[in-house]
Amino acid sequence: MSYRTERINSEMRKTLSQIISKLKDPRISSMISVTSVEVAKDLKTAKVRVEIYGGIEDGHGKETYETLCRSAGFIRKELSKEFHDLRTIPELTFILDRSLQYSSQIDKLLEEIKKNDADRDR
């Protein structure tokens, strides 16, 4: 990945975080974090990985994610105001990032294994 692409990814992640935090849609009730942005070399598409705190399993998390996906056009328009030096603003695809939930499950399993080992040693 080129330095320019890495820089665009980083700046776009910061800007998207700001834009999403300022959305005034009541359906976006959960806290959202943009974990990463991967812009294609031709700058036509971008994969935006988002973490929704509180999980997607509850109704609010799912509604938040769906609303975010439907708001992609508006968010792209807001993004164009910040990145006016780019020829094209990429089309945004939001992807749910579950790595935090996955790592917490792994931590719980490891703690359970440690506890079972300690009980067996007694």
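List of remarks:
- Residue in region 23-36 that is at pLDDT below 90, within 18 Å of ILE95 (Cα to Cα) and assigned to a helix (DSSP H, G or I) present: no
- Scanning region 81-122 for residues that are over 25 Å from TYR53 (Cα atoms), surrounded by 12 or more Cβ atoms within 10 Å (Cβ to Cβ) and out of contact with any strand residue (DSSP E or B) (no Cβ under 8 Å at 6 or more places or on another chain) yields GLU82, PHE83, LEU86, ILE89.
- Candidate set: region 37-64, residues that are charged (D, E, K, R) and in a loop (DSSP other than H, G, I, E, B); chosen: the one modelled with the highest pLDDT: LYS44
- Condition check for SER10 on (1) surrounded by 13 or more Cβ atoms within 10 Å (Cβ to Cβ); (2) at pLDDT 85 or above; (3) assigned to a helix (DSSP H, G or I); (4) touching a strand residue (DSSP E or B) at 6+ places or on another chain (Cβ under 9 Å): one failure, at (1).
- Taking the criterion of being surrounded by 18 or more Cβ atoms within 10 Å (Cβ to Cβ) and touching a Pro at 6+ places or on another chain (Cβ under 8 Å), the residues of region 38-54 that qualify are VAL39, ALA46.
The values are calculated or read from the model by the stated rules, or taken from the named source; none is laboratory data. None of these values were measured; they are calculated from a predicted model. Backbone-built Cβ (ideal geometry, glycine too); neighbour counts: all protein chains shown.
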